[in-house]
Amino acid sequence: MLTKNQEYIVDIIDNGFKGEGIAKIDGIIVFVQNAIKGEKIKIKILKVTSSHAFGKIIEIIEPSQLRTISDCETYSKCGGCCMRHINYDTTIEMKKNAVEVTLEKALGRKVEVLEILKMENPYNYRNKLQYPIGIGDDGKPVMGVFAERTHRIIPTENCNIQDVLSQKIANDIYEFVLKNNISVYNEKTLQGSLRHIVIRIGKKTNEVMITLVSNTENFNKEKELVEYITKKYPEIKTIVKNINKKNTNVILGKETKILYGKGYIYDYLGDFKFKISPLSFYQVNSVQTEKLYSKAIEYANLTGNETIFDLYCGIGTIGIFASRNVKKTYGIETIKEAIEDAKINAKLNNIENAEFFAGDVEKALPEFIKKRNIKPDVVFVDPPRKGCDKVALETLMQIEPKKIIYISCNPATLGRDLKILEDKYELRKLAICDMFGFTSHIECVTILQLKDLI
């Protein structure tokens with residue numbers, strides 16, 4: 001019987017969906033972080049449940065030929081780049097297999113990934129940096145990333161997936177905080193001010209927006225910090241202060257105040273210009289987003305005569321991307337600020353055939369259809385990780401668009417939703433796009449065709 005702190009020598013027989021190694025001891029599955037299929041390793045048992053266990057590597061006895069030396073000192077602690085010990089091409093194959101296995105379990109049949117959109121350069125690709133800042137174990141301020149499954153902050157000066165300029169700015173803000181004794185948030189006492197530094201950069205415009213998340217209405221040396229950092233970095237176009245007084249895992253609160261600039265920046269996806277505000281959803285990998293959206297539009301095979309719906313539309317990126325190939329675009333999104341940006345983005349790009357509406361998709365979609373009496377030819381959906389709402393799926397089944405282009409950041413909820421839709425729709429194509437190199441995350445894009453038209 002497995003018990004905590006016991007040591008074993010095991011063979012890694014497979015890798016899981018998050019890149020973790022899988023071993024078996026007396027028929028019990030043991031998940032081992034940073035282990036690779038084919039390796040023989042010595043492990044220590046960390047936790048045992050009724051169905052499985054978790055272990056950590058003590059010694060790699062026979063390493064895999066796929067193992068590489070990590071170029072990051074903190075990857076094994078933060079849990080972000082959980083595949084950084086594996087060569088990049090192998091991580092893509094692992095993600096492909098994970099998607100196919102997940103969908104096979106959900107649908108009860110084999111599903112093949114037809115195309116893989118890899119990253120040409122899987123380094124420094126993020127256009128959004130989010131660093132917590134708080135009190136370390138030594139009682140002093142610390143900035144970095146959270147250790148996996150904890151709120152302990154690991155000091156981080158360099159992260160190989162973050163934008164280089166964004167990191168320089170974050171490090172300089174942190175140094176200013178230290179030198180000027182600016183109050184930082186203490187999660188244990190819920191006291192203190194500064195709790196997150198969020199930096200967004202337009203990869204094509206090089207415009208920078210800083211969001212300083214504070215537990216208090218104001219913090220000491222606020223004006224001095226803004227003056228110091230904007231003088232040092234002319235790329236900074238705006239700085240905003242976001243007030244978040246809640247004891248929550250959610251980074252941003254609802255109240256935002258402009259400290260410098262106009263409160264937003266611009267970036268381009270393809271030929272289209274987009275306004276990005278602090279609360280806007282904008283894909284964090286601009287280069288791969290262009291590939292993903294281009295593939296989605298290719299799958300839709302638009303003729304120019306279609307009416308399309310863009311559900312969970314954010315700041316209107318997909319709908320605007322498709323607008324030149326359709327007759328009319330309607331976008332629906334929960335966050336009001338994002339819809340305001342979507343409307344502005346349509347004007348910025350001289351798009352006159354797109355309209356955007358704020359509301360929860362599951363409520364707004366049936367209301368919109370009933371009120372406007374509009375039936376879409378093609379529907380694009382790009383929901384959050386929890387997938388599409390069941391009511392929204394039922395509505396789509398009722399109105400029967402000819403095609404549904406489903407973009408997903410979570411293969412598990414994609415499989416669940418495809419199972420519902422397959423009563424009337426057939427999955428015709430599936431591609432994956434690596435938006436987050438060396439992490440376990442993967443984006444999928446699928447085309448579903450109405451069976452009556454096949």
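The values are calculated or read from the model by the stated rules, or taken from the named source; none is laboratory data. Please read all numbers here as calculations on a predicted model, not as lab measurements. Cβ placement follows ideal geometry from the backbone for every residue including glycine, while neighbour counts extend to all protein chains displayed. Only protein heavy atoms, including side chains, enter the accessible area calculation; ligands, DNA and RNA are left aside. Shrake-Rupley method; radii C 1.70, N 1.55, O 1.52, S 1.80 Å.
Summarised in one figure, the compactness ratio Rg/Rh of segment 85-218, Cα atoms and Kirkwood Rh, is 1.11. If R0 is taken as 35 Å, the Cβ-Cβ distance between M397 and A147 corresponds to a FRET efficiency of 0.20. Based on alpha-carbon atoms, the Kirkwood radius and the radius of gyration of segment 292-445 give Rg/Rh equal to 0.94. Other residues within the sphere of radius under 14 Å centred on the Cβ of E62, judged by their own Cβ, net out at +1 (K and R +1, D and E -1). One decimal place: the segment K40-K140 gains 31.9 nm when fully extended, by the rule 0.36 nm per residue minus the C-alpha distance. When M209, M94 are compared by accessible area of protein heavy atoms, the largest-first order is M94, M209, using a 1.4 Å probe.
Net charge near D377: determine it from the other residues with C-beta under 12 Å of the C-beta of D377, scoring Lys and Arg +1 and Asp and Glu -1.
With Lys, Arg at +1 and Asp, Glu at -1, the net is +3.
Counting only residues at least eight positions apart within a chain, or on another chain, the lysines with an alpha carbon under 21 Å from that of K232 are K128, K168, K179, K203, K204, K221, K223, K241, K262.
So how much slack lies between Y233 and K246, counting 0.36 nm per residue of separation and subtracting their Cα-Cα distance, in nm? Please report the intermediate quantities before stating the final value.
Numbers: separation 13, 0.36 × 13 = 4.68 nm, distance 3.14 nm.
Stretched out fully, the Y233 to K246 stretch lengthens by 1.5 nm.
On full extension, the segment bounded by I58 and F17 gains 12.5 nm, given 0.36 nm per residue less the C-alpha separation. Over the C-alpha trace of segment 67-111, radius of gyration and Dmax come out as 13.9, 41 angstrom.
Let me have the 222 nm mean residue ellipticity of the chain computed from DSSP H runs of 4+ only, each contributing -39500 (n - 2.57), with the sum over all residues rounded to the nearest 500. Walk me through the intermediate numbers first.
Working: 10 runs with 118 residues, N = 454.
Helix contribution divided over all residues of the chain: -8000 deg cm²/dmol.
From the largest down, segment 338-399 spans 34, 29, 18 angstrom on the principal axes of its Cα atoms. Between K204 and R372, the modelled label-to-label distance comes to 2.6 nm, taking each label 7 Å out from Cα in the direction of the beta carbon. Applied to segment 159-168, the Karplus parametrisation 6.51 cos²θ - 1.76 cosθ + 1.60 on θ = phi - 60° returns per-residue 3J(HN,Hα) values of 10, 6, 9, 7, 4, 4, 5, 4, 5, 4 Hz, with x for Gly and Pro.
Provide the FRET efficiency to the nearest 0.05 for the K273-K363 pair, computing r from the beta carbons and using R0 = 25 Å. Mind showing how you got there, number by number?
Details: r = 31 Å, r/R0 = 1.24.
The value I calculate is 0.20.
log10 I(q)/I(0), Debye, Cα-only segment 217-375, no solvent, q = 0.14 Å⁻¹? Normalising to I(0) and taking log10 leaves -0.80. At q = 0.08, 0.10, 0.13 Å⁻¹, what log₁₀ I(q)/I(0) does the chain have when each alpha carbon counts as one equal point scatterer in the Debye sum? Debye curve over Cα of the chain, log10 I(q)/I(0) at q = 0.08, 0.10, 0.13 Å⁻¹: -0.53, -0.83, -1.27. For the chain, the antiparallel share of DSSP beta bridges with both residues in that region comes to about 65%.
Before I look further, what does the chain give for accessible area per residue, probe 1.4 Å, in whole square angstrom?
Accessible area per residue, the chain: 47 Å².
Placing +1 on the Cβ of every Lys and Arg and -1 on the Cβ of every Asp and Glu, with nothing else charged, gives the chain a dipole about its Cα centre of roughly 740 debye.
Is segment 218-306 best put as rounded, prolate or oblate by its Cα gyration tensor, with a ≥ b ≥ c the root eigenvalues, rounded for a/c under 1.5, and otherwise prolate when a/b is larger than b/c, oblate when not?
Prolate, because a/c is 1.5 or more and a/b exceeds b/c.
Residue ranking by accessible heavy-atom surface, 1.4 Å probe, largest first, among R84, R385 comes out as R385, R84.
Towards the positive end of the charge dipole of the chain, with charges on Cβ (+1 Lys, Arg; -1 Asp, Glu), say which of L165, I265, I9 has the farthest Cα. Positive-most Cα among the choices belongs to I265. Taking a ≥ b ≥ c as the square roots of the eigenvalues of the Cα gyration tensor of segment 288-361, is the shape rounded (a/c under 1.5), prolate (a/b larger than b/c) or oblate? Because a/c hits 1.5 or more and a/b exceeds b/c, segment 288-361 counts as prolate.
Computed in the context of the full set of protein chains, the accessible area of the chain at 1.4 Å probe radius has 49% of its extent on carbon or sulfur.
For F321, what charge total do you get from the other residues with a beta carbon under 10 Å from its beta carbon, if Lys and Arg give +1 and Asp and Glu give -1? Kindly include the intermediate steps, with their values, before the conclusion.
Working: positive: R324; negative: D271, E290, D310.
Net charge around F321: -2.
Taken as Cα centroids, segment 232-279 and segment 108-143 sit 19 Å apart, rounded to the nearest whole angstrom.
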